[in-house]
Amino acid sequence: MPRLQNPEVKLAQAKSMDNRQERITLLSRMNRGRLETPSRLIAISKALGVPVDARALLPLPDSDTLMNSFRAGYQAAKPPSAYRRFFLRRDELSAFKLADCLAERLSEDVYFLTKKGENCGALRVSMTDLLKHAKSVIHLDGDSLSAASPDGVEGLLIDYNPDDDQQTYQVAVWGNRWPVHALECDPH
């Protein structure tokens, strides 16, 4: 007769398998990241107009934690404690004027959370450089620019929706300080 296992033992074994699978997934992403990083850094350096090297990379587990914080911040970003605005296609210039204004006000290092470089990790860059080159960064990284403060409290997303004439660009800014600057920079 087979021996029945204690439910707590089964739960511990399931968690162990999950942890093992998570470690394998992370190691696989890290290996892909090692291959992708050199070309990614060259492309980002070109888009920003400044050299960016591997020392700017946040380790992948820390990048994942920051990305989770960024997503939660975005989901919770609702006026009046956050700035969120959509721009029509014909108002594209206004969206990038807002980015330029923020570039002048937010002269601090941030983490650029790249979509296409998710295996490489977030990059510590100057917010000024990132926003001054917002259009080329958006083109490079798959239709958006995502940035977070090192502590994960402040966040900024410029999202490009090429198929939507009414909401072609979305600019969302949240946190304790950045939304105030966004409101001051708003072209309306």
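Taken together, the values in this text are just the output of simple stated rules run on the coordinates, not laboratory data. All figures in this text were calculated on a predicted structure; none of them were measured in a lab. No Cβ is skipped: glycine too gets one built from the backbone with ideal geometry, and neighbour counts run over all protein chains shown.
SER94 sits among other residues whose Cβ lies under 12 Å from its own Cβ, and their net charge, with Lys and Arg +1 and Asp and Glu -1, is 0. The computed Rg and Dmax of the Cα atoms in Å for the structure shown corresponds, within (i) 17.9, 73; (ii) 19.7, 76; (iii) 25.2, 86, to (ii).
Modelled label positions at ALA72 and ASP143, each set 7 Å beyond Cα in the direction of Cβ, lie 2.8 nm from each other.
Select from the chain the helices, each a whole stretch of DSSP H, whose alpha-carbon atoms run 15 Å or more along the helix axis and whose Kyte-Doolittle mean is at least 0.0; answer none if there are none.
Span-like helices in the chain: 92-105.
In percent, rounded to a whole number, the relative contact order of region 7-185 is 26, using alpha-carbon pairs under 8 Å and six or more apart.
Rounding to the nearest 20 debye, state how big the charge dipole of the chain is about its Cα centre with +1 on each Lys and Arg Cβ and -1 on each Asp and Glu Cβ. Working shown, then result.
Numbers: 25 positive and 25 negative charges, 141 e Å.
Roughly 680 debye, rounded to the nearest 20.
Comparing GLY152, PRO162, ALA76 along the charge dipole axis of region 67-188, the residue lying farthest to the positive side is ALA76, per the Cβ-charge model.
Treat the count of other C-beta atoms within 10 Å as a stand-in for reagent exposure and order HIS181, HIS188, HIS139 from fewest to most. Before the final figure, lay out each step's value.
Values: HIS181 19, HIS188 6, HIS139 13.
In order of increasing Cβ crowding within 10 Å: HIS188, HIS139, HIS181.
Ranked by how many other Cβ atoms sit within 10 Å of their own Cβ, fewest first, the residues SER39, SER94 fall in the order SER39, SER94. Here is the short version for the chain: CYS120 have no other Cys C-beta closer than 4.7 Å. Panel order for TYR83, TYR74, by other beta carbons found within 10 Å of each beta carbon, from fewest to most: TYR74, TYR83.
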